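**Q** This is the structure I want to talk about, given as structure tokens.
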Amino acid sequence: MDEKTRAIAVLSEGKIHIDLASQPQAQSLVGRGFGEKSDGGKLELPSWEALYLLREGMIEVQDEATGQKLDFNKLLEVFSEKDEAVWPKYLVYRDLRSRGYVVKPGFGGGLDFRVYERGAYGKQPSRFLVLTVSEGKPLPVGQLAKALETAQKAKKEVIIAVVERRGEVVYYSLSSFTSASQQP
């Protein structure tokens, strides 16, 4: 996108939004599955999505308090102060988008993303819930069990996205298991 068609996003109180009324070019982002429309006519972007759109040159970000234009590194720094896991989430988000998936925020409880199969966004519900994990950081089994339970109730599959130290993402499918009864 060139600068004339690039939407201007505003960082306000730690959140990113785009005023859709004053920037009709931002409607194309909505159609491609980015952000969530708010009642106030704004497009709200999660941190990892704002980073992605900024890196891809689809938006510019201005700090409402200072009026300054923020680059990728500065915006990452701002978001990292609130969420230390924003970098691995961004890496997973970027990887999934590069593979053609539409990615929306998850259901909480560690389930970071809802992922729609290619071409299914707006036509079918999401199929996958993604749990982001950084290599080398412990993950309690209870968190895995809770994620699986949440996904099963929603009739979705759980995918664990492991972000390796080099920034590569490896995906694993999580399914329920039962232990075999042990014989004496």
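**Q** Just to be sure I understand, how many residues within segment 138-174 are within 17 Å of the chain's Cα centre (by Cα) and free of Cβ contacts under 8 Å to residues at least 12 places away in the same chain?
**A** Residues that pass the stated criteria total 2.
**Q** Any residue at all in segment 134-154 that's crowded, with 21+ Cβ neighbours inside 10 Å and farther than 22 Å from ALA26 by Cβ?
**A** Yes - at least one qualifying residue is present in segment 134-154.
**Q** Within segment 140-177, track down each residue that is at pLDDT 85 or above, assigned to a loop (DSSP other than H, G, I, E, B) and in contact with a Leu (Cβ under 9 Å, 6 or more places away or on another chain).
**A** ALA154, LYS156, GLY167, GLU168
**Q** Could you count how many residues in segment 107-133 are surrounded by 14 or more Cβ atoms within 10 Å (Cβ to Cβ), more than 14 Å from the chain's Cα centre (by Cα) and either part of a helix (DSSP H, G or I) or of a type in the set (D, E, K, R) (or both)?
**A** The total comes to 2.
**Q** It is to be established whether one or more residues within segment 35-53 are over 29 Å from LYS123 (Cβ atoms) and within 18 Å of the chain's Cα centre (by Cα).
**A** No: zero hits.
**Q** Only residues in segment 28-43 that are in contact (Cβ under 8 Å) with a residue 60 or more places away in the chain and more than 16 Å from GLU60 (Cβ to Cβ) count as the first member; pair them with residues that are open to solvent by less than 50 Å² (accessible area, probe 1.4 Å) and not in a helix (DSSP H, G or I), Cβ under 6 angstrom, at least 6 apart or cross-chain, and list the lot.
**A** From segment 28-43, the pairs are GLY33/VAL102.
**Q** If TYR93 meets every condition in (1) in contact with a helix residue (DSSP H, G or I) (Cβ under 8 Å, 6 or more places away or on another chain); (2) closer than 21 Å to PHE128 by Cβ; (3) surrounded by fewer than 19 Cβ atoms within 10 Å (Cβ to Cβ) apart from one, which number is that one?
**A** (3)
**Q** Are there any pairs with C-beta distances below 6 angstrom linking a residue in segment 46-60 that is under 19 Å from GLY106 (Cβ atoms) and of a type in the set (A, V, I, L, M, F, W, C) to a residue that is part of a helix (DSSP H, G or I) and open to solvent by 20 Å² or more (accessible area, probe 1.4 Å), with the two at least 6 apart or on different chains, and if so which?
**A** TRP48/LYS89
**Q** Which condition number does THR5 fail, the rest of (1) open to solvent by 50 Å² or more (accessible area, probe 1.4 Å); (2) at positive phi being met?
**A** The number of the failed condition is (2).
The values are calculated or read from the model by the stated rules, or taken from the named source; none is laboratory data. Keep in mind that this is a model prediction, so the values were computed, not measured. Glycine also receives a Cβ, built like all others from the backbone with ideal geometry; neighbour counts cover every protein chain displayed. Each accessible area value is taken on the protein alone, full model and side chains, heavy atoms only, with ligands, DNA and RNA left out. Shrake-Rupley method; radii C 1.70, N 1.55, O 1.52, S 1.80 Å.
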